[in-house]
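S.K.: There's a structure below that I have some questions on.
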Amino acid sequence: MPDLRSLIFLTVALLLGASAALADPHALLRQGGDLLRQGRTEEALVVLHDAARRLPEPAQAAGLLGEAYLQLGMQHLNQGAAPAAREAFAEAKSYLPNDFRPWQGTAIAWLHDGQPAAASGELHEALTLAGERSELLLLLGRAHYAAGELEQAEAAWVKAAERGAGSEAAPLLEKVRRELRAEQAMRRDLAGRFTLAYAPGVSDALAAQVLEVLEDAYAAIGAELGYYPEADIPVLLYAREDFAAVTRSPEWAGGVYDGKIRVPLGGVKRMSPPLRALLYHEYAHVVVRFLGQGRVPVWLNEGIAEMAGRRQFAVPHGSASPAGQRIDKAMLERPFSELPVGLVPQAYAQSHARVQRLVELCGWPALGELLQRLGTGTSWEAAVTAAYAPCGYDWPRLQVELMDKLH
């Protein structure tokens with residue numbers, strides 16, 4: 001049996017041998033590739049950059065480095081970190097200048113941040129490199145659609161359908177063509193972050209008042225949740241029949257936010273407290289969507305919107321169901337448009353009660369942090385614990401506080 005000194009010398013020799021092997025740039029490339037396939041992206045980047053420094057031709061590492069930065073960009077996107085994703089994709093472009101994917105990834109990151117014009121520019125570069133690939137055309141159509149450029153969106157989706165994406169493009173084309181029919185006679189206006197289109201039956205004076213109220217909501221809700229979207233926010237004011245045709249929403253819906261604020265105002269002549277509440281409600285959905293990146297439970301989304309709206313007018317969605325009646329919490333995870341009509345007022349009431357209690361316990365800043373953490377992909381329990389720890393709560397303790405609101 002070797003003594004301790006021999007074991008030490010053996011260990012040192014093995015380590016030196018491993019170090020010498022890793023000093024071989026080609027071995028480093030292989031190690032970096034293995035780390036990349038395992039999803040250990042940041043470790044792979046360290047090793048691959050080391051290999052590039054040692055190689056007589058650093059370009060030999062370019063392909064793997066480009067793939068690593070692409071993978072890092074997608075990881076950032078999945079975490080809701082669009083700016084970091086754009087930085088990673090910019091690095092990928094430098095290593096893969098003829099590959100369309102870094103431009104595609106950057107476009108997706110701009111769309112996450114509500115910047116469709118920037119996304120369109122990236123997608124045109126991608127199309128130049130790759131030709132008219134259907135997935136790029138579908139994405140380009142979404143960018144034009146988000147920018148309110150409906151005819152350009154239709155043209156992109158028609159091309160996507162011609163290139164084999166008919167099943168994906170068909171519902172998009174149906175939707176955009178409904179909107180084109182409804183909006184072809186609309187007038188346009190702009191204020192701050194809001195771009196407004198309104199039907200002929202809506203007066204210029206009322207349209208201007210709508211913009212003023214939305215600007216007020218932008219300031220008030222932004223101050224509470226600590227977030228002011230930098231994207232332009234489309235707002236469309238419809239006649240009632242056009243609203244129903246475009247949104248396919250239930251009759252009780254006073255408005256819709258689906259990336260655009262849509263409100264039926266046919267026959268409405270002036271601003272009123274209920275309309276002001278509705279606009280605050282829909283704008284709150286905008287903030288929740290940007291902060292939460294689509295990862296916010298339905299009840300929390302609707303409860304925040306109700307909090308915003310009810311301070312302008314008491315109950316914009318009608319009275320709650322009889323005292324003591326509760327909707328199962330699993331039902332509150334579904335879009336309220338899927339609920340039986342008779343349960344909708346209670347769904348809003350319970351969601352409002354939950355969020356009101358959250359605000360009472362720890363204020364609006366904690367709620368804003370909760371949304372941000374959810375938006376990065378943090379689990380519900382971890383996000384609640386991080387946001388409410390300063391007030392002494394983790395999720396189990398918060399559940400006790402909210403028990404009568406949650407069940």
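S.K.: Enumerate lysine pairs in the chain that are 8 or more residues apart or on different chains, then count those whose Cα atoms are under 24 Å apart. Spell out each step's value before the answer.
M.R.: Numbers: Lys159/Lys175; Lys175/Lys260; Lys260/Lys269; Lys329/Lys405.
Lysine pairs, 8 or more places apart or on different chains, close enough: 4.
S.K.: Suppose R0 equals 45 Å; then what is the FRET efficiency for Asp34 and Asp216 from their Cβ-Cβ distance, rounded to the nearest 0.05?
M.R.: Values: r = 56 Å, r/R0 = 1.24.
The value I calculate is 0.20.
S.K.: Among 160-171, 129-140, 367-378, how do they line up from the highest to the lowest mean number of other beta-carbon atoms within 10 Å?
M.R.: Details: 160-171: 15.6, 129-140: 18.8, 367-378: 21.2.
Highest to lowest by the protection proxy: 367-378, 129-140, 160-171.
S.K.: While we're here: Where Lys and Arg each count +1 and Asp and Glu each count -1, what net charge lies around Ala207 among other residues with Cβ under 15 Å from its Cβ?
M.R.: Working: positive: Arg187, Arg188, Arg262, Lys269, Arg270, Arg276; negative: Glu183, Asp189, Asp204, Glu212, Glu215.
For residues surrounding Ala207, the net value is +1.
S.K.: Follow-up question, since we're still on this one. Starting from the Cα of Ala208, step 7 Å toward the Cβ, then list every residue of the range 222-263 with an amide N under 14 Å from that point.
M.R.: From the range 222-263, the list is empty.
S.K.: Ok, one more. For Arg188 and Lys269, calculate 0.36 nm times their separation in residues minus their Cα-Cα distance, and state this gained length in nm to one decimal. Kindly include the intermediate steps, with their values, before the conclusion.
M.R.: Details: separation 81, 0.36 × 81 = 29.16 nm, distance 1.80 nm.
So the chain would gain 27.4 nm between Arg188 and Lys269.
S.K.: Summing Lys, Arg as +1 and Asp, Glu as -1, what charge do residues with Cβ under 14 Å from the Cβ of His76 carry, His76 excluded?
M.R.: Details: positive: Arg86; negative: Glu42, Glu87, Glu91, Asp113.
That works out to -3.
S.K.: Right, here's the next one. Any chance you could give the angle, 0 to 90 degrees and rounded to 10, that helix 116-130 forms with the longest Cα principal axis of the chain?
M.R.: Long axis of 116-130 versus the principal axis of the chain: about 50 degrees.
S.K.: Compute the FRET efficiency between Glu230 and Arg311 as 1/(1 + (r/R0)^6), taking r as their Cβ-Cβ distance and R0 = 25 Å, and round to the nearest 0.05. Walk me through the numbers on the way to the answer.
M.R.: Numbers: r = 25 Å, r/R0 = 1.00.
With a Förster radius of 25 Å, E is 0.50.
S.K.: Which angle between 0 and 90 degrees, to the nearest 10, do you get for helix 166-183 versus the longest principal axis of the chain when only C-alpha atoms count?
M.R.: That works out to roughly 40 degrees.
S.K.: Further question on the same structure: Over the Cα atoms of the chain, what radius of gyration and what Dmax do you get, in Å?
M.R.: 26.3, 96
S.K.: Classify the range 4-183 as rounded, prolate or oblate from the Cα gyration tensor: take a ≥ b ≥ c as the square roots of its eigenvalues, call it rounded if a/c is under 1.5, otherwise prolate when a/b beats b/c and oblate if not.
M.R.: Working: a/c = 3.64, a/b = 3.09, b/c = 1.18.
Prolate, since a/c reaches 1.5 and a/b exceeds b/c.
S.K.: Hey, got a sec? Which trypsin sites (Lys or Arg not before Pro) in the range 223-263 land in a DSSP loop and have at most 16 other Cβ atoms within 10 Å? Spell out each step's value before the answer.
M.R.: On the way: sites: Arg240, Arg248, Lys260, Arg262; in loops: Arg248, Lys260.
Hits after loop and neighbour filter: Arg248.
S.K.: Placing +1 at every Lys and Arg Cβ and -1 at every Asp and Glu Cβ, with all other atoms neutral, what dipole size does the chain have around its Cα centre, in debye to the nearest 20?
M.R.: Details: 39 positive and 48 negative charges, 129 e Å.
Its charge dipole is roughly 620 debye.
S.K.: Add +1 for every Lys or Arg and -1 for every Asp or Glu among the other residues with Cβ under 13 Å from the Cβ of Val235, and state the total. Before the final figure, lay out the partial values.
M.R.: On the way: positive: Arg187, Arg188, Arg193, Lys260, Arg262; negative: Glu183, Asp189, Glu212, Glu215, Asp232, Asp258, Glu282.
Net charge in that neighbourhood comes out at -2.
Readers should treat all values here as calculations from the given coordinates under stated rules, not as data from a laboratory. Because the structure is a prediction, the values reported are computed rather than measured. All Cβ positions, even for glycine, are placed from backbone atoms using ideal geometry, and neighbour counts span all protein chains on display.
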